[in-house]
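Below is one structure; the comments refer to it alone.
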Amino acid sequence: MAAVTRYSGKVVVVTGGSRGIGAAIVRAFVDSGAQVVFCDKDEAGGRALEQELSGTVFIPGDVTQEGDLQALISETLSRFGHLDCVVNNAGYRLILCFPLDPPPQLPEETSAESFRRLLEVNLLGTYTLIKGAVTAMTKALALDESQYGVRVNCISPGNIWTPLWRELAASTSDPRATILEGTLAQPLGRMGQPVEVAAAAVFLASEATFCTGLELLVTGGAELGYGRKANRSSLVEVPILLP
Ligand SMILES: NC(=O)c1ccc[n+]([C@@H]2O[C@H](COP(=O)([O-])OP(=O)(O)OC[C@H]3O[C@@H](n4cnc5c(N)ncnc54)[C@H](O)[C@@H]3O)[C@@H](O)[C@H]2O)c1
């Protein structure tokens, strides 16, 4: 069963592994035969997953705290002696391409402090939200680290049905409508599952051995084709019909 052990003997660190996409990534690497060390701010969730999955070690921590990250890596190295893959998954907030009610904080209303915090978690800690910056950083790191034989890739997910998405929908005045909009954003007509993102992560780590600086889209085709791109509230110019 090659697929089951395709990453056996390897050691993987996953941030934000207690739930959602991160938890699916932890499971997928365990299924691939790896030892997984994961961190999360959510200690109860992390402990529960660690108990459920043998082959995992949970270390509570916040990726915005440099000391927590250093402890995560040094603890991993002292336990296992090597580290083969880091998945920077921890993050919060989603990129949404449709208007929400109430809207998430608008850029012009975001304080410098909350923007800094967003950057800390999502850019320094993980791989999404500030999407352009993350892909640029992925490419720059891929170039810098190639001299050490280290590959750096990122995954850009479409709408993935996770606790984060459920909470976001529940915070709107019409959760069903919000979920429907989120579903219709993908031409495949559904949201993705965490396990589908996890499969991409295992692929990048174990089989994509000649890929570096790559952005792997796991989006159900969300970026393809024509569709409504402007907000409902945007000013629009509609061409006048000829008589
Ligand atoms: N779900 C989606 O549709 C979607 C789409 C695009 C990108 N993403 C990104 O994927 C990642 C995972 O999303 P999810 O939907 O599984 O979210 P989630 O909220 O369901 O899970 C995220 C996990 O990360 C942890 N976490 C958050 N901030 C942390 C921090 N500072 N330090 C340590 N742990 C922290 C949380 O406690 C939680 O366990 C996030 O970076 C998110 O921005 C998600």
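What the table shows:
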item	result
Per-selection Kirkwood Rh - the range 191-233 (Cα, Å, 1 d.p.)	12.7
Interchain or long-range residues, amide H under 5 Å from Ile59's placed H	Phe38, Cys39, Asp40
Theoretical gain in end-to-end length, Ala208 to Asp174 [0.36 nm per residue, Cα-Cα removed]	8.1 nm
Loop-resident sites, the range 155-216, for chymotrypsin sites (Phe, Trp or Tyr not before Pro), counting at most 13 other Cβ within 10 Å (DSSP)	Phe210
Which of Leu77, Leu224 is most accessible, then next, and so on - probe 1.4 Å	Leu224, Leu77
Arg232/Ser114 FRET efficiency (R0 25 Å; Cβ-Cβ; nearest 0.05)	0.50
For Ser156, net neighbour charge (Lys/Arg +1, Asp/Glu -1) across residues whose Cβ lies under 12 Å away	-1
Centre separation in Å (Cα based) which lies between the range 199-243 and the range 1-45	27
Karplus 3J(HN,Hα) series, Hz, for the range 154-159 with 6.51 cos²θ - 1.76 cosθ + 1.60 (x for Gly, Pro)	9, 10, 10, x, x, 6
The range 38-46 - phi-based ³J(HN,Hα) in whole Hz, Karplus 6.51/-1.76/1.60, Gly and Pro as x	10, 10, 6, 6, 7, 6, 4, x, x
Accessible area in the full protein assembly, largest first, 1.4 Å probe, for Met137, Met191	Met137, Met191
From the C-alpha gyration tensor of the range 9-57, square roots of 5λ in Å	16, 10, 9
Karplus 3J(HN,Hα) series, Hz, for the range 135-142 with 6.51 cos²θ - 1.76 cosθ + 1.60 (x for Gly, Pro)	5, 5, 5, 4, 5, 5, 5, 4
Kirkwood-type radius of the range 150-220, with distances r between different C-alpha atoms, in Å	13.4
Stretch gain in nm, segment Ala48-Lys131, where the contour uses 0.36 nm per residue and the Cα spacing is subtracted	26.8 nm
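The values are calculated or read from the model by the stated rules, or taken from the named source; none is laboratory data. Values in this document were obtained by computation on a predicted structure and should not be read as measured data. Note that we place each Cβ from the backbone using ideal geometry, even for glycine, and neighbour counts take in every protein chain shown. Each accessible area value is taken on the protein alone, full model and side chains, heavy atoms only, with ligands, DNA and RNA left out. Shrake-Rupley method; radii C 1.70, N 1.55, O 1.52, S 1.80 Å.
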